[in-house]
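Since the structure comes first, as structure tokens, the remarks are kept for the end.
Just so it is clear, none of the values below were taken in a lab; they were calculated from the coordinates. If you're wondering where the values come from, they're calculated on a predicted model, not measured in any experiment. We place every Cβ from the backbone using ideal geometry, glycine too, and count neighbours over all the protein chains shown.
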Amino acid sequence: MENTLNAWDVSHYGGPDVLVPVTRPISRPKAGQVLIRIRASAVSRADGMMRAGQPKFARLFLGLCRPRASLSGTCFSGDIVAVDEGVADFKVGDAVLGEAGMQFGANATHLCMDAQGSLVVKPNAVSYEEGATLCDGAMTSWHFLTRVTQVRPGEKILILGGAGSLGTAAVQFASALGAEVSATASARNHDLLRNLGADHAIDYRATDPLKRGMNYDIIFDTLGVATYGAAKPALAKGGRYLCPVLGLRLFRDMLLSSVFGGKRAKFAAAGMAPPAVHREELSEVIALMGEQKFAPVMDRTYPFSDLVEAHRYVEAGHKRGNVVIV
Ligand SMILES: NC(=O)c1ccc[n+]([C@@H]2O[C@H](COP(=O)([O-])OP(=O)(O)OC[C@H]3O[C@@H](n4cnc5c(N)ncnc54)[C@H](OP(=O)(O)O)[C@@H]3O)[C@@H](O)[C@H]2O)c1
């Protein structure tokens, strides 16, 4: 087995150019850990925000002056190549997918993970590339639509940012859960939205999706392009505004709407949920893939050496679904 791993260092905050390829010794799995040979890892919008240290208040968790964990990447798939003798759930040769969370370091050739962490077996029917994306858009949108709120059959949902990683997953999930789905994207992505199950595709460049005289039970603002205040008039009685992008205004709206009842604003950090919740949610998402009710939308695949290019593409803000490096 190799003695060194290749990874990408992000030792200070900034643009894609702060990413530097590095070589490190491979550590043996500690108690309860497995060593994974990474086959594919995601390059997500969230990874770019962590690399940039944005929004600034996130540095309270990431590291005040520089990233506390110096390697990049969170979501991955790969094969187990070594296990600590105390590990019962995985064996050498198992294909797995998961997320490294605040440990980071998934954009690498090898990664040590707790066997009890956010890690599940990857079925053969799920490719390594697809598997590497599941902890980003799919798990997050599933968390919002089944845990933060429960989408009920017949409800009207508006998904802002329907063509992104979270959005393409949310459109499929909401459709599978029996909702009437409206989603926004630029016109070039409307066929994609309809193919994913959207009943209505709205061009956000031509019309304000919140001023169409509709009343939605749920508005899932996957990109934080609106505010609760702007969305509230478009919500039906008891409607929920969900947003995965935290800011001070959303924080205030969450507090106030929880006190006064009626319509609600909601945020959750899906990635911070306990690993047991992640494993349960991933199993549910994988089951939906088996039932042909969900398939991650794959945009570009870059070679491992082109991580900087991949970050630039993601940062441009118009990827369709997911981007991975292999
Ligand atoms: N809270 C959590 O647990 C959590 C977890 C993961 C991610 N996140 C956050 O979730 C956010 C979304 O991430 P993502 O990966 O889904 O984004 P993404 O994939 O980078 O989004 C790209 C898409 O955004 C669309 N878009 C751009 N401007 C738009 C607008 N004004 N209205 C509608 N669509 C627009 C583009 O479509 P067009 O090309 O058609 O314009 C493009 O397809 C990020 O801020 C990320 O940090 C939060």
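Label positions at Gln103 and Arg249, each projected 7 Å from the Cα along the C-beta direction, are separated by 3.8 nm. Mind checking which of Gly167, Gly93, Gly73 has the largest fluctuation in a GNM of the chain, springs on alpha carbons under 10 Å? In the Gaussian network model the winner is Gly93. Here the label points at Ala125 and Ala287, each 7 Å from Cα along the C-beta direction, are separated by 1.4 nm in the simple model.
Under the criterion of Cα pairs below 8 Å and six or more residues apart, the relative contact order for the stretch 228-326 equals 20 percent. Take every Cα pair under 8 Å whose residues are at least 6 apart in sequence, average their separation, divide by the length of the stretch 136-270, and the relative contact order is 21 percent.
Could you compute the FRET efficiency for Arg66 and Thr4, with r as their C-beta to C-beta distance and R0 at 30 Å, rounded to 0.05? Rounded to the nearest 0.05, the efficiency is 0.80. Highest mobility in the GNM of the chain, judged by mean-square fluctuation with C-alpha springs under 10 Å and restricted to Val259, Val22, Val285, is found for Val259. With the cut-off at under 15 Å, measuring from each backbone N in the stretch 6-29 to a point 7 Å along the Cα-to-Cβ line of Lys56 picks out 13-14.
For the chain, the average shadow cast by the Cα convex hull is 16.2 nm², which is a quarter of the hull's surface.
Rounded to the nearest Hz, the phi-derived 3J(HN,Hα) couplings of the stretch 259-266 under the Karplus curve 6.51 cos²θ - 1.76 cosθ + 1.60 (θ = phi - 60°) are 7, 8, x, x, 5, 10, 9, 9, where x marks glycine and proline.
Ranking Gly229, Val22, Ser283 by Cα position along the charge dipole of the chain, where only Lys, Arg, Asp and Glu carry charges on their C-beta atoms, puts Gly229 farthest toward the positive end. One chain, two ends: Asp17 and Ala187. Fully extended at 0.36 nm per residue, the span grows by 58.0 nm beyond their Cα-Cα distance. Ordered by the number of other Cβ atoms lying within 10 Å of each residue's own Cβ, fewest first, Leu250, Leu256 fall into the sequence Leu256, Leu250. Between their Cα atoms, which of Lys156/Lys237; Lys122/Lys293; Lys237/Lys266; Lys56/Lys211; Lys156/Lys263 are more than 22 Å away from each other? Lys56/Lys211, as the Cα separations exceed 22 Å there.
The stretch 84-158 and the stretch 240-255 have Cα centres spaced 25 Å apart. Each peptide in 99-111, 204-216 receives the mean, over its residues, of other Cβ atoms within 10 Å, and ordering these scores from highest gives 99-111, 204-216.
Counting every C-alpha pair in the stretch 136-270, the share spaced more than 18 angstrom apart comes to 47%. Working from Cα pairs under 8 Å separated by at least six residues, relative contact order for the chain is 18 percent. For the stretch 271-282, the Karplus equation 6.51 cos²θ - 1.76 cosθ + 1.60, evaluated at θ = phi - 60°, returns couplings of x, 8, 5, x, x, 4, 5, 4, 5, 5, 5, 5 Hz by residue, with Gly and Pro reported as x.
3J(HN,Hα) couplings calculated from phi for the stretch 131-139 with the Karplus curve 6.51 cos²θ - 1.76 cosθ + 1.60 (θ = phi - 60°) are, in sequence order, x, 5, 9, 5, 6, 8, x, 5, 5 Hz; Gly and Pro show x.
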